[in-house]
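Asks: Dumping the structure here so I can ask a few things about it.
The values are calculated or read from the model by the stated rules, or taken from the named source; none is laboratory data. Keep in mind that what you see is a predicted model, and the values were worked out from it rather than measured. Cβ placement follows ideal geometry from the backbone for every residue including glycine, while neighbour counts extend to all protein chains displayed. Protein only, heavy atoms only, side chains kept; ligands, DNA and RNA dropped before computing areas. Shrake-Rupley method; radii C 1.70, N 1.55, O 1.52, S 1.80 Å.
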Amino acid sequence: MATHTALVVDDEPDIRELLELTLGRMNIETRAAADLKEARGLLAGQHFDLCLTDMRLPDGNGLTLVEEIQQQFPDLPVAVITAHGSMDAAIHALKAGAFDFVSKPVDLQVLRNLVNSALKLADTEPQPDRRSRDTLLGDAPIMQRIRATIVKLARSQAPVFISGESGTGKELVARLIHAKGPRYDKPFVPVNCGAIPAELMESEFFGHKKGSFTGAGGDKEGLFQAAAGGTLFLDEVADLPLHMQVKLLRAIQEKAIRPVGAASEIPVDVRILSATHRDLPKLVAEGQFRQDLFYRIHVIELQVPSLRERHEDIPLLADHILEKLAEEMGIAVPHLTDPALARLQAYPFPGNVRELENILERAMTLCEGEHIEAADLHLRDNGKPVSATLTEQDAANLPDGIPLEDYLETIEKQAILDALEKAHHNKTQAAKLLGITFRALRYRLKKLGLE
């Protein structure tokens, strides 16, 4: 017995028959309409779990039906059928609120994947415990809007471009969009596009066949296959070289990939989310990023606010971070004094939430007792943090090409090792030589792998 009902809207009898036959084999009852008028009549008189509509109809455009369903039946997922290669029409439909699209000639496996994802929305939506408030913290109005937008975006399969400064939590937002949508039980695969060597990119993204190049000792699946049925998150997508941008665009448009050395393409079912802290429209204008790929991944943009835009959330975030760090360190949760909290709220946080975490982690290792004073934060009056290990001479001698955090870690390790040697490996004495608490030394040893 059928458990779901779908509305099929297409003026071509052959297409209607193909769709009805395919859905029927999936145990889905169908109703068919040849034009907008007939579709509106069916929608008014019956409940549907899914709508499939052609873009070109005798009495109007399928886009009109998408917009009407969004207004009148916002919980009904609607997918559009587009002409082959008509990506502009597909993007317009996604922007208007379509769940997804499928191109003619209809690939039945792509269609089945789409239908299964759409029907999962009805099956998973009633679960009230899948909320984001406990993971995307903040009571500022802008954060309340972000959480509401995430819930809405999770219901779609449209590509989402997540913008924002470094350290704002773009990957966390991507994970929540995945977790609250119909793909929640499938893989979420994050990839830092700037961390893959250019010569290995095609193999990493699409996989390769045995013997396809020197060193290819066996078949290997790529990131698209690893994310099958789930979400592929392209972090720092602006760092993709131009040759890879072309291949990625084709994979997204055709919903298929060709592993290196393979004779034919294979279909893939993934949702694409992407992010970067760079100005992507500027890169497009400068010719460093393909405009067609930009429009394809930029169907919907979600901007994550900086910490400066929601400074009223700092006390809540600080408490959460301190609780998490205290649990990791196995100690009582320290508390910020009022002057310390005031200093944090006056600080501009160029590194956003990630920088807040680093500042509090350092303060926890340096503070005495269970209270963090303003001095423990090591923030200058000009708003710049004071480094606990980097002197002005060190800064002047900072080697080219070495990240500051790595350089600081190297200096810190050496200082601790020198102190331990002078103290004949007496940790209490070494801590005194370093001017930090025994607790702080123990934590640094663990964090730096020097236990």
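Asks: With the radius of gyration and the Kirkwood radius both derived from the Cα set of the stretch 235-390, what is their ratio Rg to Rh?
Replies: With Rg and the Kirkwood Rh in hand, the quotient comes to 1.16.
Asks: Of the options G97, V353, Q225, report the single residue whose Cα projects farthest towards the positive end of the charge dipole of the chain (beta-carbon charges: Lys, Arg +1; Asp, Glu -1).
Replies: Sorting the options by dipole projection puts first Q225.
Asks: With viscosity set to 0.692 mPa s and temperature to 37 °C, compute the Stokes-Einstein D of the stretch 306-362, Rh being the Kirkwood radius across alpha carbon pairs; µm²/s, no decimals.
Replies: Numbers: Rh = 11.6 Å.
For these conditions, the coefficient is 284 µm²/s.
Asks: Then there is this: Report the label-to-label distance for E368 and Q144 in nanometres (one decimal), using points 7 Å from each Cα along the Cα→Cβ vector.
Replies: 4.3
Asks: Next question. Rounded to a whole number, what is D in µm²/s for the stretch 1-115 from Stokes-Einstein with the Kirkwood radius over alpha-carbon pairs (4 °C, 1.567 mPa s)?
Replies: 94
Asks: Per residue, how many Å² of accessible area does the stretch 193-343 show with a 1.4 Å probe?
Replies: Roughly 46 Å² per residue, with all protein chains present.
Asks: Let me ask something else about it. Can you give the calculated 222 nm mean residue ellipticity of the chain, where each DSSP H run of n ≥ 4 adds -39,500 (n - 2.57) and the sum is split over every residue, rounded to the nearest 500 deg cm²/dmol? If you can, show how the numbers build up before the last one.
Replies: On the way: 19 runs with 203 residues, N = 451.
Result for the chain: -13500 deg cm²/dmol, rounded to the nearest 500.
Asks: Suppose each label sits 7 Å from its Cα in the direction of the beta carbon; what would the E328-M26 distance come out to in nanometres?
Replies: Distance between the two pseudo-spin positions: 4.3 nm.
Asks: Follow-up. Show the residues, 5+ positions off or on another chain, whose built amide H is closer than 5 Å to the amide H of I300.
Replies: F161
Asks: Students often get this wrong, so check it: of K120/K220; K120/K180; K120/K152; K170/K282, which have C-alpha atoms separated by over 22 Å?
Replies: K120/K220
Asks: Then there's this: Taking amide H positions as placed in the peptide plane 1.01 Å from N, state which residues far from R271 in sequence (5 or more) or on other chains have amide H under 5 Å from it.
Replies: Here G230, T231, L232 satisfy the definition.
Asks: Okay, moving on. To the nearest 20 debye, what charge dipole does the chain have about its Cα centre, counting +1 at the Cβ of each Lys and Arg and -1 at the Cβ of each Asp and Glu?
Replies: 440
Asks: Another question, if that's okay. Could you look at the stretch 1-98 and say what percent of its accessible area is carbon and sulfur, using a 1.4 Å probe and all protein chains?
Replies: 48
Asks: Convert each backbone phi in the stretch 236-251 into a coupling constant with the Karplus relation 6.51 cos²θ - 1.76 cosθ + 1.60 (shift: θ = phi - 60°), then list the ³J(HN,Hα) values in order as whole Hz, x for Gly and Pro.
Replies: These are the phi-based 3J(HN,Hα) values: 6, 4, 5, 7, 5, x, 4, 5, 7, 4, 4, 5, 5, 4, 5, 4 Hz.
Asks: While we're looking at this one, here's another question. To make sure I understand the rule: partners must be aspartates and glutamates, Cα under 15 Å from the Cα of K255, and not fewer than 8 residues away in the same chain. Which ones qualify?
Replies: Straight-line reach from K255, under 15 Å: D100, D107, E265, D269.
Asks: Let me ask something else. List the aspartates and glutamates whose Cα sits under 15 Å from the Cα of K37, skipping any in the same chain fewer than 8 residues away.
Replies: Hits, sequence-local ones excluded: D10, D11, D54, D59, E67, E68.
Asks: At a temperature of 4 °C and a viscosity of 1.567 mPa s, determine how fast the stretch 240-327 diffuses translationally according to Stokes-Einstein, using the Kirkwood radius over alpha-carbon pairs as Rh; express D in µm²/s, rounded to the nearest whole number.
Replies: Here the translational diffusion coefficient equals 78 µm²/s.
Asks: Over the Cα atoms of the stretch 115-254, what Rg and Dmax result, in angstrom?
Replies: 17.2, 55
Asks: Still on this structure: List the pair-distance distribution P(r) of the chain, using every Cα-Cα distance, as the percent of pairs falling in each 10 Å bin from 0 up to the bin containing the longest distance, rounded to whole percents.
Replies: Percent of pairs per bin, in order: 4, 17, 23, 22, 17, 10, 6, 2, 0.
Asks: Can you list the lysines whose alpha carbon sits under 24 Å from that of K446, skipping same-chain ones fewer than 8 residues off?
Replies: Candidates past the 8-residue exclusion: K324, K413, K422, K427, K432.
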